[in-house]
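Nothing in this text is a laboratory measurement; each read-out follows from the coordinates by a stated rule. Just so we're clear, the structure is a prediction, and the values are computed from it rather than from any experiment. Cβ atoms come from the backbone with ideal geometry, glycine included; neighbour counts cover every protein chain shown.
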Amino acid sequence: MSKPFIEIEGLKKHFDIGNHQILKAVDDISFSIGKGETLGLVGESGCGKSTAGRTIIRLYEPTAGSIKIDGTDVTKVSKSQFKAYRSQMQMVFQDPYASLNPRMTILDIIGEALDIHGLAKSKAERKRRVEELLEIVGLNGEHASRYPHEFSGGQRQRIGITRALAVQPQFMILDEPISALDVSIQAQIINLLIDLQKKMGLTYLFVAHDLSMVKYMSDRVAVMYLGKIVELAKSEDLYANPQHPYTKALLSAIPVPDPDFEAGKERIVLKGDLPSPVNPPSGCPFRTRCPAATERCAAEAPMLRETRPGHIAACHYA
Amino acid sequence: MNNDTNRGSIRPEQFQKIDRSNYVFERIERKRLTAWQDIRYRLVSNKLAMTGFYIMCVVLLFAIFAPMISPHDHFTNDLPNANQAPSWQHLFGTDDLGRDMFERTWKGAQISLFVGFAAALIDLIIGIIYGGIMGYYGGKVDEAMNRFAEIIYAIPHLLVTILLLVVMEPSLTTIIVAMSITGWINMAWIVRGQIMQLKNQEYALASKALGAGAMRIIFRHLIPNAMGPILVTLTLTVPSAIFTEAFLSFLGLGVQSPVASWGTMINDGVKSMTLYPWRLMFPALFLSLMMFAFNVFGDGLRDAFDPKLKK
């Protein structure tokens with residue numbers, strides 16, 4: 001692994017939901033991403049993966065922890081300095097129908113990024129730059145004067161990517177960028193993202209719940225459960241040798257396009273629902289649904305430890 | 001029976017190719033419209049709302065042009081011709097000082113409409129700024145600003161207005177100021193609710209992630225998307241302001257003679273209602289018509305903005 005470009009250390013995001021209750025959406029997660037690398041972040045709905053992404057880009061203020069970009073802790077820099085870091089990291093959102101302002105033209109949506117960071121000196125330059133950017137993602141530059149509702153879902157997502165690219169970021173958080181798209185369009189967007197990564201040397205944090213897409217896209221994968229990372233490993237290693245029982249259950253749910261294999265496959269079906277992050281279980285957060293849970297799991301929270309070379313998991317029995 | 005033997009009895013020559021080149025798989029009948037075109041379409045097809053709209057237009061045109069064309073003026077006394085019934089000379093008759101009622105009705109309309117629109121505009125500006133900040137920041141800021149608004153709202157509206165009119169010189173400006181002191185709160189609450197709903201939309205978050213400041217997000221992204229409810233509130237504010245002005249003028253706290261407004265004219269007319277009914281009838285008729293027109297138009301606009309009522 002190359003020298004880490006992004007280092008997240010002990011990141012926490014707690015929401016005060018009143019009545020002296022605290023929702024621990026992200027609870028002490030740490031990881032690092034090397035330059036040009038893609039880290040996949042997977043987990044079921046409500047496990048805190050989107051909140052983690054939004055906290056890293058500081059749409060939410062972190063409760064604790066540090067976020068380092070290229071060695072600088074952005075949680076400690078002043079507001080005015082932080083603007084410069086804004087242009088280093090950007091985000092692509094989940095819903096291409098909600099992420100573009102319906103009352104603005106594409107020119108203004110993308111142009112806004114240029115305006116905020118003073119990247120275009122004149123109106124003509126702004127327009128030219130927007131058209132160039134649109135062409136990079138495979139859209140027609142002449143479409144800049146149109147409104148978002150005139151585009152399809154896939155095209156809108158390309159516009160969302162263009163907006164993020166406009167400030168020339170080095171790190172992009174992809175918050176389930178394909179989950180709202182048709183299967184046929186998903187591949188186009190994924191390939192576009194991979195192309196852009198190669199061309200511009202981008203670093204990605206790929207948040208998703210589609211495990212097969214994550215495998216295709218990521219160098220390393222982190223699995224989240226109830227606000228915590230329970231397993232982190234190189235992509236092939238994680239899929240071939242899952243250590244944590246939760247990861248095993250997740251992987252067993254991936255459908256395989258082979259009826260014979262599928263018929264003989266043993267699926268691990270988890271019982272119960274995701275516990276409330278307001279009242280997480282004692283000890284290991286997964287113990288209430290784990291098929292292999294023992295008394296030790298209720299008493300003692302497992303720490304992340306290296307169970308194989310370069311493969312960490314948080315389970316007493318991994 | 002085994003599938004294979006069954007398949008063996010059908011030969012490829014027995015298949016025939018069906019021409020589907022002209023077949024339309026799927027057709028969307030509904031025309032593709034922008035949000036505003038859609039709203040306009042629904043508004044235009046609402047007959048009651050359009051009636052209101054036309055009444056508003058006609059009254060507005062008369063208010064602007066009738067005083068220019070009319071041979072009379074609204075303040076010159078003509079005592080020999082006092083209290084004349086409607087005639088070709090004086091379409092709406094004359095009042096107790098012989099002033100032409102037709103002329104005065106439209107002059108009064110100018111004042112009433114001016115007060116209505118001015119008060120609505122002030123409500124709009126204060127309401128958008130106050131409500132926008134309240135809704136966007138939320139938390140303690142919202143709490144504090146909301147308490148302040150509630151305190152003002154809790155004081156009886158008319159009491160504030162009357163007290164202010166006593167302290168200040170009764171004039172058009174005073175009336176507008178007095179109405180605006182409490183009037184903006186409703187607008188601010190509408191805006192606040194809208195902003196709270198919209199601020200977590202992904203386009204607002206995307207703008208924030210780009211580094212946009214609060215003012216940019218509120219005024220460039222959120223307010224334009226909240227324009228529907230704001231416009232509706234606005235069309236319902238205008239008649240209530242007109243009505244408040246008429247009411248204050250009726251109490252003698254409004255605009256002062258010889259300047260006329262519908263309220264002062266109704267006040268004058270009531271005194272001689274049994275003898276000279278036209279002096280009450282005409283201003284009261286137009287005031288009611290205008291109330292009706294604004295309210296049905298506002299209702300129509302609200303329906304047009306509600307996509308759930310899409311037909």
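The mean number of Cβ atoms from other chains found within 10 Å of a Cβ in peptide A:195-205 is 0, as a whole number.
Per residue of peptide A:18-31, the mean number of Cβ atoms on other chains within 10 Å of the residue Cβ is 0.
Dividing the convex hull volume of the alpha carbon atoms of the stretch B:60-109 by its residue count gives 65 Å³ per residue.
Quick one: grab the alpha carbon gyration tensor of the stretch B:167-311, order the square roots of its eigenvalues as a ≥ b ≥ c, and give me rounded if a/c is under 1.5, else prolate or oblate depending on whether a/b is larger than b/c.
oblate
Taking a span of 15 Å or more along the helix axis (Cα atoms) and a mean Kyte-Doolittle hydropathy of at least -0.5 as the rule, the DSSP H helices of chain A that qualify are A:106-116, A:183-200. Relative to the globular-protein estimate of 2.2 N^0.38 Å, the Cα radius of gyration of the stretch B:223-291 stands at 1.40. When B:281, A:213, B:101, B:168 are arranged by Cβ crowding within 10 Å, least crowded first, meaning fewest neighbours, the order is B:168, B:281, A:213, B:101. For residue B:295, neighbours were defined as the other residues whose beta-carbon sits under 14 Å from its Cβ, and their charges (Lys and Arg +1, Asp and Glu -1) total -1.
When only alpha carbons are used to place a centre, the stretch B:58-112 and the stretch A:32-74 end up 73 Å from one another.
Expressed in Å, the radius of gyration and Dmax of the Cα atoms of the stretch B:54-309 are 21.9, 76.
Arranged from fewest to most other beta-carbon atoms within 10 Å of their beta carbon, A:284, B:57 become B:57, A:284. In this structure, residue A:209 and residue B:48 have a Cβ-Cβ separation that, at R0 = 60 Å, corresponds to a calculated FRET efficiency of about 0.75. Over chain B, DSSP H runs of length four or greater, each weighted -39,500 (n - 2.57), average out per residue to a 222 nm ellipticity of -22000 deg cm²/dmol. For chain A, adding -39500 (n - 2.57) for each run of n ≥ 4 DSSP H residues and dividing by the number of residues yields -9500 deg cm²/dmol at 222 nm. Over chain A, the pair-distance histogram of Cα-Cα distances with 20 Å bins from zero comes to 30, 56, 14, 0 percent, rounded to whole numbers. Could you tell me the calculated FRET efficiency between residue A:142 and residue A:21, based on Cβ-Cβ distance and R0 = 51 angstrom, to the nearest 0.05? Once rounded, the FRET efficiency stands at 0.45. For chain A, A:47, A:290, A:315 have no disulfide-compatible partner, since no other Cys C-beta lies under 4.7 Å from theirs. For the stretch A:31-80, the alpha carbon positions stretch 35, 26, 16 Å along the principal axes, listed from largest to smallest.
Annotation: amide H of residue A:222 within the under-5 Å range of A:40, A:41, A:42, sequence separation 5 or more or interchain, hydrogens built in the peptide plane. Counting every other Cβ atom within 10 Å of each residue's Cβ, A:146, A:305, A:289 order from fewest to most as A:305, A:146, A:289. Taken as Cα centroids, the stretch A:251-318 and the stretch A:133-153 sit 43 Å apart, rounded to the nearest whole angstrom.
Counting Lys and Arg as +1 and Asp and Glu as -1 over every other residue whose Cβ lies under 10 Å from the Cβ of residue B:136, the net charge comes to +1. In degrees between 0 and 90, to the nearest 10, how far off the longest principal axis of chain B does helix B:262-271 point, with axes built from Cα atoms? For helix B:262-271, the angle is close to 50 degrees. Other protein chain C-beta atoms within 10 Å of residue C-beta, averaged over B:193-201: 1.
Under 5 Å between amide hydrogens, built in the peptide plane, is the criterion, and for residue A:243 it picks out nothing among residues at least 5 positions away or on other chains. When Rg and the Kirkwood radius Rh are both evaluated on Cα atoms of the stretch A:8-152, their ratio Rg/Rh stands at 1.02. Over the protein assembly as shown, the reciprocal of the mean inverse Cα-Cα separation, the Kirkwood hydrodynamic radius, stands at 30.0 Å. Across the stretch B:41-49, computed HN-Hα scalar couplings (Karplus, 6.51 cos²θ - 1.76 cosθ + 1.60, θ = phi - 60°) run 4, 5, 5, 5, 7, 8, 5, 5, 4 Hz from first to last residue, x flagging Gly and Pro. Helix B:172-198 and the longest principal axis of the C-alpha atoms of chain B enclose an angle of approximately 10°. Derived scalar couplings between HN and Hα for the stretch A:94-105 equal 5, 9, x, 7, 9, 8, 10, 5, x, 9, 10, 6 Hz in order, rounded to whole Hz, by the Karplus curve 6.51 cos²θ - 1.76 cosθ + 1.60 (θ = phi - 60°), x for Gly and Pro.
Give the calculated FRET efficiency between residue A:122 and residue A:35 to the nearest 0.05, with a Förster radius of 22 Å applied to their Cβ-Cβ distance.
FRET efficiency, residue A:122 to residue A:35: 0.05.
For residue A:97, the amide hydrogen comes within under 5 Å of no other amide hydrogen, counting only partners 5 or more places away or on other chains and with H modelled in the peptide plane.
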